[in-house]
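What follows is a set of notes on a single structure, which appears directly below.
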Amino acid sequence: MNRHLISAGDLAKDDALLILDTAEELASVSERSIKKLPTLRGRTVVNLFFEDSTRTRISFEAAAKRLSADVINFSAKGSSVSKGESLKDTALTLEAMGADAVVIRHGSSGAPHRLATWVHGSVVNAGDGTHEHPTQALLDAFSMRRRLGGLEGRKVTIVGDVLHSRVARSNVLLLHTLGAEVTLVAPPTLLPVSVGSWPCEVSYDLDAVLPKSDVVMMLRVQKERMNAAYFPSEREYSRRYGLDRDRFAKMPDDAIVMHPGPMNRGMEIAAEVADSARSTIVEQVANGVTIRMAVLYLLLGGESA
Amino acid sequence: MKIRNVRILGGEPVDIRIADGVIAEIGPGLEGGEVVDGGGAIALPGLVDLHTHLREPGREDAETVQTGTQSAARGGYTAVHAMANTSPVADTAGVVEQVWRLGREFGHCDVHPVGAVTVGLEGRQLAELGAMADSAARVRVFSDDGKCVDDAVLMRRALEYVKAFDGVVAQHAQEPRLTAGAQMNEGVVSGRLGLTGWPAVAEEAVIARDCLLAAHVGSRLHVCHVSTAGSVEIIRWAKSKGWNITAEVTPHHLLLTDDLVEESPVGAYNPIYKVNPPLRTRADVEALRAALADGTIDIVATDHAPHPVEDKETEWSAAAMGMIGLETALSVVQEAMVETGLLDWAGVAERMSAVPARIGRLAGQGRPLEAGSPANITLYDPSARTEVDPWAYASKSRNTPYEGMTLPGRVVATFLRGRPTVLEGKLV
């Protein structure tokens, strides 16, 4: 394993499987009445969040605390950052405080790469701009594996705003590493022009792809995108690319539905699909804590405290 | 004064005798006078840069006329054109005269201010182009560089208007709507990195329009920092029509590619590689080199763009765009064009001295090294190999993309009208 987890593409197959297997072992901790291990006692994990993301932050916070790490939450809002302090100065401050790991969420693609050049601790990317969100991909893979068994040869369809999605980028890289076959489905405006160079298939036709899918992952689509002419209207988007009841019926009986959240119910996914027994959406949240425990455990646990 | 043992454009060793700032005599074994030993260096006519950001007035923390012209002299330049995007903008006779006077005062090289095309670079109203042309600075090159004159009517009028004083509009070709929030070349790398793309078509569409406009009104047009293979094709076509169009390429677009943003010795997403127009692909680099060799692209211009450390030591999207380049230009051109066999030293002199002087209408610059020419001379040792150390430069800023690379060649000496501004690689 690398010292950092910045891109899902940095994970070799063995690394990825080690994280998933470790998470499987740690999952039992979450089922105990006392959900705590002493592994990271005395280690400090900083949650450095430059964007509001309560779900991701509390997931990392819970993961670190279950491993007995000390957790410092650093929100950029109302702090020195909003007064113009640079990312570098923030990094040096955290360094001086002795952070063993920094979990960073930032609106600028590549911010975790830059951070990693300024701090000695491990950097965990909790979402950077429109680049990557590797722990989301790991928890998605973990959720798929639990439902489907293995990932080798499984057909995963990812639908929505791929162009702006860090979830899609990380998932394509990780699922490819793990041997799954990924198909991206989106209107052409919401795919990068270079998507043909990615290790996946691409389609504009959701109905054609659904019957062949083991997993259908719906991405959040921001309604504001239509103001920049990515699509004409919410209704048209929903008609062509939304997972409604009729489309859900076209999926194989054992196929599952995923969504990284937060959802636009009625836009990219119908409420009854999101709430169906074949939806993993709530499990994904629980699995998020487990997978982040595994990541922190493997990045930090190997060193002496 | 006599410069002994130099090889003009790489030819046979000769001596050059200078009197009253003018080349008096050239030949082997000349007699007498104070002697500077050329040590067999190549002698080129003093280099002329059509595209330099000196940052003064307004951003003296990044560069000043003094440090910028020192940097130019160290790079072998005897004249630079100072871009207009200062603060205040160089859009009046007062500002251009101030920059011009500062250049004269320090005397490291000639400074020719570029005038803004529109008031405040805002693209709404023509600046007083005639007043700048008639000022002591005698402005002939006009540009909103950093911004594109994207309004077709305004561009047409500017092209027409400057004909009255033999001026030229130098366009920064960038369609603004196609490049809103753009961070790097749109392609394979931007898609993987999740950075907003700057598509080639945003440059090419404006160049095509401007060539057609220039042809329609019979004006000359200069295209700044051409960066794509498609732009080369359009310019080649426009020139084949006989239209009066010139174009420049920067040293960095002749050498560097966009995959450095993803993978480089200085780490991924390092804004040292953030520049506008962005670094493109290997295919673009090859097309630009071929175009510079065959004359489709007329000149090399540095787009020397100094920025203080804090404007580059940030996350990618927050960083300033631009690279310094005056002190590495000749070395990069040697690496990209001479070592590859695409240009000889006569070709380099043409593209880095004679033609830029002609485009800028500088009578006393870019003249061939022969008796009677002003003694603007650059001595260059192409056999040297130097690891790039940003701290070794005269520029106030350190934002060079070549840090750690080993580049060929070294400017040994620079003479401005017979007076050395650099000797043995050091400022005089």
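When residues in segment B:236-263 are screened for being surrounded by fewer than 17 Cβ atoms within 10 Å (Cβ to Cβ) and in a loop (DSSP other than H, G, I, E, B), 4 of them pass. Summed over segment B:23-48, residues that are surrounded by 15 or more Cβ atoms within 10 Å (Cβ to Cβ) and within 23 Å of B:Glu350 (Cβ to Cβ) total 11. With respect to being over 15 Å from A:Arg57 (Cα atoms), in contact with a helix residue (DSSP H, G or I) (Cβ under 9 Å, 6 or more places away or on another chain), in a helix (DSSP H, G or I) and of a type outside the set (Gly, Ala, Ser), A:Val289 falls outside the description. State whether one or more residues within segment A:188-200 are among the hydrophobic types (A, V, I, L, M, F, W, C), buried (at least 21 other Cβ atoms within 10 Å of the Cβ) and away from chain B (no Cβ under 14 Å). For segment A:188-200, residues among the hydrophobic types (A, V, I, L, M, F, W, C), buried (at least 21 other Cβ atoms within 10 Å of the Cβ) and away from chain B (no Cβ under 14 Å): absent. Being farther than 22 Å from B:Arg55 by Cβ and within 14 Å of chain A (Cβ to nearest Cβ) is the filter here; which residues of segment B:271-282 pass it? Residues satisfying the conditions are B:Arg280, B:Thr281.
Given the conditions (1) under 23 Å from the mean Cα position of the chain (by Cα); (2) surrounded by fewer than 14 Cβ atoms within 10 Å (Cβ to Cβ), report the number of the one that A:His259 does not fulfil. Unmet for A:His259, out of (1) under 23 Å from the mean Cα position of the chain (by Cα); (2) surrounded by fewer than 14 Cβ atoms within 10 Å (Cβ to Cβ): (2). The strands (runs of 3 or more DSSP E) falling completely within segment B:17-92 that include 1 or more residues that are within 20 Å of the chain's Cα centre (by Cα) and on the phi < 0 side of the Ramachandran plot map to B:35-45, B:47-52, B:77-82. Are any of the residues in segment A:98-111 at pLDDT below 90 and crowded, with 16+ Cβ neighbours inside 10 Å? No, that holds for no residue. Taking only segment B:179-201 into account, find how many residues are of a type in the set (A, V, I, L, M, F, W, C) and surrounded by fewer than 24 Cβ atoms within 10 Å (Cβ to Cβ). Number of matching residues: 6. For segment B:151-203, the candidate set comprises residues that are touching a Gly at 6+ places or on another chain (Cβ under 6 Å) and among the small types (Gly, Ala, Ser); within that set, the residue that is farthest from the other protein chains (Cβ to nearest Cβ) is B:Ala200. Restricting segment B:289-330 to residues that are of a type in the set (Val, Ile, Thr) and assigned to a strand (DSSP E or B), the residue that is nearest to the other protein chains (Cβ to nearest Cβ) is B:Val300. Please go through segment A:114-131 and give me each residue that is facing chain B (nearest Cβ under 7 Å) and either assigned to a strand (DSSP E or B) or over 16 Å from A:Arg169 (Cα atoms) (or both), ordered by number. Of everything in segment A:114-131, those that are facing chain B (nearest Cβ under 7 Å) and either assigned to a strand (DSSP E or B) or over 16 Å from A:Arg169 (Cα atoms) (or both) turn out to be A:Arg114, A:Thr117. Being touching a residue at least 60 places away in the same chain (Cβ under 8 Å), in contact with a helix residue (DSSP H, G or I) (Cβ under 6 Å, 6 or more places away or on another chain) and either buried (at least 16 other Cβ atoms within 10 Å of the Cβ) or under 23 Å from A:Gln136 (Cα atoms) (or both) is the requirement here; does A:Thr56 meet it? So A:Thr56 fails the test. Quick check on A:Val282: is it of a type in the set (Val, Ile, Thr) and in contact (Cβ under 8 Å) with a residue 24 or more places away in the chain? Criteria not met by A:Val282.
Condition first: part of a loop (DSSP other than H, G, I, E, B) and in the same structural domain as A:Ser213 (by TED's automatic domain parsing). Can you find one or more residues in segment A:167-175 that meet it? Checked against the condition, which is being part of a loop (DSSP other than H, G, I, E, B) and in the same structural domain as A:Ser213 (by TED's automatic domain parsing), segment A:167-175 yields no hits at all. Residues considered: B:Val201, B:Val153, B:Val232, B:Val226. Of these, the only one that is modelled with pLDDT of 95 or more, within 21 Å of the chain's Cα centre (by Cα) and in a helix (DSSP H, G or I) is B:Val232. Return a yes/no flag: does segment A:165-178 have any residue that is buried (at least 24 other Cβ atoms within 10 Å of the Cβ) and farther than 30 Å from A:Glu236 by Cβ. Looking through segment A:165-178, at least one residue is buried (at least 24 other Cβ atoms within 10 Å of the Cβ) and farther than 30 Å from A:Glu236 by Cβ. Checking each residue in segment B:51-81 for being polar (S, T, N, Q), under 16 Å from B:Trp100 (Cα atoms) and buried (at least 21 other Cβ atoms within 10 Å of the Cβ) picks out B:Thr52, B:Thr67, B:Thr69, B:Gln70, B:Thr78.
The values are calculated or read from the model by the stated rules, or taken from the named source; none is laboratory data. Fair warning: this is a prediction, and the values are worked out from it, not measured in the lab. Methodologically, a virtual Cβ is constructed for each residue, glycine included, from the backbone with ideal geometry; neighbour enumeration extends over all protein chains shown.
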